[in-house]
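The values are calculated or read from the model by the stated rules, or taken from the named source; none is laboratory data. Since the model is a prediction, treat every value here as computed from it, not as a measurement. Reconstructed Cβ throughout: ideal geometry from the backbone, glycine too, with neighbour counts over all protein chains shown. For the accessible areas, the whole protein counts, side chains as well, though only heavy atoms, and no ligand, DNA or RNA atoms are used. Shrake-Rupley method; radii C 1.70, N 1.55, O 1.52, S 1.80 Å.
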Amino acid sequence: MISVASSLTLTHSTVYVAPNRANPRLLFPGHGVMQRWHYSGLYPAFRSTAKAYRWVVRARAALKLVDQLPAIPAPDGLIDFFQGCFDSEVFTGVVLMGTPGPAQKLIVQLWGNGRVLGYMKYGITSTAKSRIEREHAVLSALAPNLGPRPLKFAPFADGVAMLISPIYGKQLPASMSSAFTAKGLLDRMTLSVEHSVHEHPWIKRLRERYGNVGLPWLDALCGRKWSVVVRHGDFAPWNVFQDKSGILRAIDWEYGTLEGFPHLDHAYFVLQVGRLMNRWSPEKAKGYAVSVLEREVARPQAEVLIRLVALDIYNKALDDDHVH
C-alpha cells in the first residue's frame, strides 16, 4: 500500500515518511518547515505519552529528520476525481496508513489554499471496500449536524474511494468527563421507532449472524420497548469533535448503522476511556460503565448492555483479524 499512498501526495516529487521507512504511518510532502509541521499533524495520538511522541515526530518532520521517498506519479484521473467536490483546487494530499489487516484503508487529508478541504478514504480489499460503502450509506442518511457530508463515492483505480467534508473543531478530551459531554450527541441520534427486544432490528441481526449467543441475557431487557437509534459503533473521544459553537459531530462511521440499539455507544465510550486511556482493569471499567448506564436503565439491564457491547467489540476484532 505504500506505493499507492506515495502517489496520493499529488503534485510533489518528494514524500516524507513518519515515523520512518520501516514503519510508515504517515506520508506527506512539504517544501517548508511550517508546511511539514502542519501536514504531520495528522499523525494519530490519544494518550499523553503518545502525544509527546507525536510532538517529537512532528519536530523531526519539520526539520527534515525523517526518511524520504520519491513520489510515484498519481494514478490517471486522480485530479479529475476531485472535480466539482470542493470550492478550491486540491493541491496536496497527506496520507495516513490504516492498521494492517483485511480492512486496511488509506485516509487522505486533502489541502488547498492553505486549508483542509476534505478527506478521501480509499480501500482495495473486499472488507475495506465494504466498510467504505457502508460508511457512505450511513453518512448519506445522517442529519447534517451529526457527522461529515459525503461528497462522492465511486470506484477508483483498484478499489473504491469516498470523499467527505472536513469536520472543524477539537477532539473531545480523552477523559471520563467527556462521556457525559458526548451524551448530548447521542441524544440527538435517537429515532422515534420503538420495539420489544426480540423484535428490535439490531438484536435480530445479532441473532442472524451469531446464532443464539447472548440470548439468555436478553430476558432482563424484556418488559419494555427499546428505541431504534443511529449507532456509531466506534464511539470514542478521538472520533467526536466539538466546534466553536459547542456542536458535537462524529467522524469515522464505518461501523455505523441506522438501526442501532440504544445505550451501546455510551457504554462503548466509557469502556474505551476506562480500558485504553485510564488503564483500568476490565472489572473496574465494566463496573463504572454499569454505574453510568444506571442513570438511564435498571442495573440488570445495564449489565446486559455491557455484555452486548463486549460481544460486539470482540466480533469486530475477529472481523478485522485483531484477535490472536
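Out of region 25-40, which residues are modelled with pLDDT of 90 or more and surrounded by 15 or more Cβ atoms within 10 Å (Cβ to Cβ)?
Arg25, Leu26, Leu27, Phe28, Gln35, Arg36, Trp37, His38, Tyr39, Ser40
How many residues are hydrophobic (A, V, I, L, M, F, W, C) and in a strand (DSSP E or B) if we restrict to region 178-206? Full working, then the answer.
Taking region 178-206 first, the residues hydrophobic (A, V, I, L, M, F, W, C) are 179-180, 182, 185-186, 189, 191, 193, 197, 202-203, 206.
Still in the running and in a strand (DSSP E or B): 191, 193.
Looking only at that region, the number is 2.
Counting just the residues of region 207-221 that are assigned to a loop (DSSP other than H, G, I, E, B) and more than 14 Å from Phe261 (Cβ to Cβ), which one comes out modelled with the highest pLDDT?
Just the residues of region 207-221 that are assigned to a loop (DSSP other than H, G, I, E, B), to begin with: 211-214.
Now drop any that are not more than 14 Å from Phe261 (Cβ to Cβ), which leaves 211-213.
Values: Gly211: 72, Asn212: 68, Val213: 58.
Among those residues, the one meeting the criterion is Gly211.
Residue by residue through region 124-143, note down the ones that are among the polar types (S, T, N, Q) and either open to solvent by 60 Å² or more (accessible area, probe 1.4 Å) or in contact with an Asp or Glu (Cβ under 6 Å, 6 or more places away or on another chain) (or both).
Within region 124-143, the subset among the polar types (S, T, N, Q) is 125-127, 130, 140.
Within region 124-143, Ser126, Ser130, Ser140 qualify.
Could you check how many residues of region 161-192 are open to solvent by 10 Å² or more (accessible area, probe 1.4 Å), touching a Phe, Trp or Tyr at 6+ places or on another chain (Cβ under 9 Å) and among the hydroxyl-bearing types (Ser, Thr, Tyr)?
2
Does Ala250 satisfy the criteria of being open to solvent by less than 10 Å² (accessible area, probe 1.4 Å) and in contact with a strand residue (DSSP E or B) (Cβ under 6 Å, 6 or more places away or on another chain)? Please lay out each step first, then the result.
Numbers: open to solvent by less than 10 Å² (accessible area, probe 1.4 Å): yes; in contact with a strand residue (DSSP E or B) (Cβ under 6 Å, 6 or more places away or on another chain): yes.
For Ala250, the condition - open to solvent by less than 10 Å² (accessible area, probe 1.4 Å) and in contact with a strand residue (DSSP E or B) (Cβ under 6 Å, 6 or more places away or on another chain) - is met.
Results for (1) polar (S, T, N, Q); (2) within 19 Å of Val15 (Cα to Cα); (3) under 17 Å from the mean Cα position of the chain (by Cα), shown as yes or no for each residue.
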{"site": "Met97", "(1), (2), (3)": "no, yes, yes"}
{"site": "Gln109", "(1), (2), (3)": "yes, yes, yes"}
{"site": "Leu117", "(1), (2), (3)": "no, no, no"}
{"site": "Thr125", "(1), (2), (3)": "yes, no, no"}
{"site": "Ser130", "(1), (2), (3)": "yes, no, yes"}
{"site": "Leu139", "(1), (2), (3)": "no, no, yes"}
{"site": "Leu151", "(1), (2), (3)": "no, no, no"}
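How many of the residues in region 295-309 are among the acidic types (Asp, Glu) and either open to solvent by 80 Å² or more (accessible area, probe 1.4 Å) or touching a Ser or Thr at 6+ places or on another chain (Cβ under 7 Å) (or both)?
Final tally of qualifying residues: 1.
Are any of the residues in region 54-77 within 21 Å of the chain's Cα centre (by Cα) and closer than 30 Å to Leu276 by Cβ? So that I can check it myself, show each step before the final result.
We begin by selecting, within region 54-77, every residue within 21 Å of the chain's Cα centre (by Cα); these are 54.
Now narrow it down to the ones that are closer than 30 Å to Leu276 by Cβ: 54.
Within region 54-77 (the criterion being within 21 Å of the chain's Cα centre (by Cα) and closer than 30 Å to Leu276 by Cβ), the answer is yes, since at least one residue qualifies.
Select from region 261-281 the residues that are open to solvent by 30 Å² or more (accessible area, probe 1.4 Å), assigned to a helix (DSSP H, G or I) and in contact with a helix residue (DSSP H, G or I) (Cβ under 7 Å, 6 or more places away or on another chain) and list them in ascending order.
Of everything in region 261-281, just one residue is open to solvent by 30 Å² or more (accessible area, probe 1.4 Å), assigned to a helix (DSSP H, G or I) and in contact with a helix residue (DSSP H, G or I) (Cβ under 7 Å, 6 or more places away or on another chain), namely Arg275.
Looking at Lys121, is it at pLDDT 90 or above, open to solvent by 60 Å² or more (accessible area, probe 1.4 Å), outside any loop (DSSP other than H, G, I, E, B) and within 16 Å of Ala157 (Cα to Cα)?
For Lys121, the condition - at pLDDT 90 or above, open to solvent by 60 Å² or more (accessible area, probe 1.4 Å), outside any loop (DSSP other than H, G, I, E, B) and within 16 Å of Ala157 (Cα to Cα) - is not met.
Looking at Asp219, Asp243, can you tell me which residue is out of contact with any strand residue (DSSP E or B) (no Cβ under 9 Å at 6 or more places or on another chain) and open to solvent by 10 Å² or more (accessible area, probe 1.4 Å)? Step through it out loud before you land on a result.
On the way: Asp243 fails: out of contact with any strand residue (DSSP E or B) (no Cβ under 9 Å at 6 or more places or on another chain).
Asp219 is the lone residue from the list that is out of contact with any strand residue (DSSP E or B) (no Cβ under 9 Å at 6 or more places or on another chain) and open to solvent by 10 Å² or more (accessible area, probe 1.4 Å).
Among the residues of region 45-83, write down those that are farther than 22 Å from Tyr119 by Cα, of a type outside the set (D, E, K, R), open to solvent by 70 Å² or more (accessible area, probe 1.4 Å) and in contact with a Ser or Thr (Cβ under 9 Å, 6 or more places away or on another chain).
Gln68, Pro70
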